[in-house]
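Shown next, in structure tokens, is the structure this report addresses.
The values are calculated or read from the model by the stated rules, or taken from the named source; none is laboratory data. Since the model is a prediction, treat every value here as computed from it, not as a measurement. Cβ placement follows ideal geometry from the backbone for every residue including glycine, while neighbour counts extend to all protein chains displayed.
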């Protein structure tokens, strides 16, 4: 082989490595962003005061996504700066930012046209931009000294009313925002607006919030998992446990339903809790059902749900793992995953990912998903769990992925998978309430003898298993 051929081969190999690195980094970024949105949603449900809420949000965003963060609100007296947070390296700046005039554009205050909802994005902050933002010469010198690289200001829109603005910026960390970051800031603004709304800032909406909570309770009861169906050739088991002892249902769900030529199962997780989570869960379950019934295609189901969530316009996000199966277990299953923990293939003591994970639903209009085919051999099991298990907190920290896989290894059937995970989870959290919902679904070829499942449904949990053997 000539040195030219060797060089070309090396360049191709290097390009492949770079491409893989980009994909890995991109996947981590999406997962991190989804986690941040979940953390902000948790603040929304914490029932804290307004001051506690804005401080908690700033703590989440800095330094994770910004070197500095400012939250401005519009109340009866006009715009005011409600909170400021600066990352390490920007000492001395926080006080000056707190004293500056709010970053709420006049159109947001006047609410005179649709432009007020468009993000004000500076991908590369220039001298001209600084002059436009400065209030006077002294303020201009202050802004120059910050050495801002990128910044974005997005409106906070609660119930169709502009209630303030969120400003994020990067400077001394050396980071720079791109268009995707500005789009994420827009999605984030919906969560922040909801958190501020729930904190009681806007008193005229409190009565509507209480009424919506009552409606949500009724809606949530209707979203509890249905009994598992009989699927010839397969053994299936599922478990659902909401967080909190007094909750009936939260943001996790599982569903199994017939489609042309077979069956489809879906396990999902939506952001938030309460009324918002219940409404998104309802949209997710029934949109997936409708799309799957029409197409028998997990990819079409995810694409349809993504459009439905984007059409809501309220930063509704949902992660889903959808699996299409035939009644002949020898036919490979089709798996599509959107922002969800990858399904796991349990083969004796070996536990490995059965498919990769693509972008979460409800975030990007141009996102794409892939369908992977996987044959489930005799003795193997496909297990799908929401992140509530790995993220569960106990005396030893997080339950974690490693502990999860250790519990799955060696499980003989889907019913045993559920029994192991539930027993281990209860022991780990010490009998206390979970901080996040948990949903588990296990699938295997049917055995000739049905296993005995002694688990019983409880008011705060739903557990079911069916072995569809021939005996």
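Numbers below:
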item	result
Residue within the stretch 408-426 that is crowded, with 20+ Cβ neighbours inside 10 Å and either assigned to a strand (DSSP E or B) or modelled with pLDDT under 90 (or both) present	yes
Residue 155 vs. criteria in contact (Cβ under 8 Å) with a residue 24 or more places away in the chain, in contact with a strand residue (DSSP E or B) (Cβ under 7 Å, 6 or more places away or on another chain), assigned by TED's automatic domain parsing to the domain that holds residue 119 and under 21 Å from residue 312 (Cβ atoms)	yes
Exclusive hit being without any contact (Cβ under 8 Å) to a residue 12 or more places away in the chain, in the same structural domain as residue 78 (by TED's automatic domain parsing), surrounded by fewer than 20 Cβ atoms within 10 Å (Cβ to Cβ) and at positive phi, set 160, 145	160
Criterion (on the phi > 0 side of the Ramachandran plot, outside any helix (DSSP H, G or I), in contact with a helix residue (DSSP H, G or I) (Cβ under 7 Å, 6 or more places away or on another chain) and surrounded by 16 or more Cβ atoms within 10 Å (Cβ to Cβ)) met by exactly one of 390, 363, 315, 336	315
Among residues of the stretch 90-104, those that are assigned to a loop (DSSP other than H, G, I, E, B) and over 30 Å from the mean Cα position of the chain (by Cα), counted	6
Boolean, residue 411 is under 22 Å from the mean Cα position of the chain (by Cα) and assigned by TED's automatic domain parsing to the domain that holds residue 306	no
Restricting the stretch 50-70 to residues that are under 14 Å from residue 170 (Cα atoms) and in contact with a helix residue (DSSP H, G or I) (Cβ under 8 Å, 6 or more places away or on another chain), the residue that is surrounded by the fewest Cβ atoms within 10 Å (Cβ to Cβ)	64
Residue among 368, 377 that alone is assigned to a loop (DSSP other than H, G, I, E, B), under 22 Å from the mean Cα position of the chain (by Cα) and at pLDDT 90 or above	368
Subset tally (residues that are loosely packed, with under 15 Cβ neighbours inside 10 Å, more than 13 Å from residue 317 (Cα to Cα) and either out of contact with any helix residue (DSSP H, G or I) (no Cβ under 9 Å at 6 or more places or on another chain) or modelled with pLDDT of 85 or more (or both)) for the stretch 26-40	3
Candidates 352, 322, filtered to the one that is in a strand (DSSP E or B), surrounded by fewer than 19 Cβ atoms within 10 Å (Cβ to Cβ) and in contact with a strand residue (DSSP E or B) (Cβ under 7 Å, 6 or more places away or on another chain)	352
Residues of the stretch 255-271 satisfying the condition of being in a strand (DSSP E or B), under 26 Å from the mean Cα position of the chain (by Cα) and more than 13 Å from residue 230 (Cα to Cα)	255, 266, 267, 268, 269, 270
Filtered residues of the stretch 73-96 (kept if touching a helix residue (DSSP H, G or I) at 6+ places or on another chain (Cβ under 9 Å) and at pLDDT 90 or above)	81, 82, 83, 84, 85, 86, 93, 96
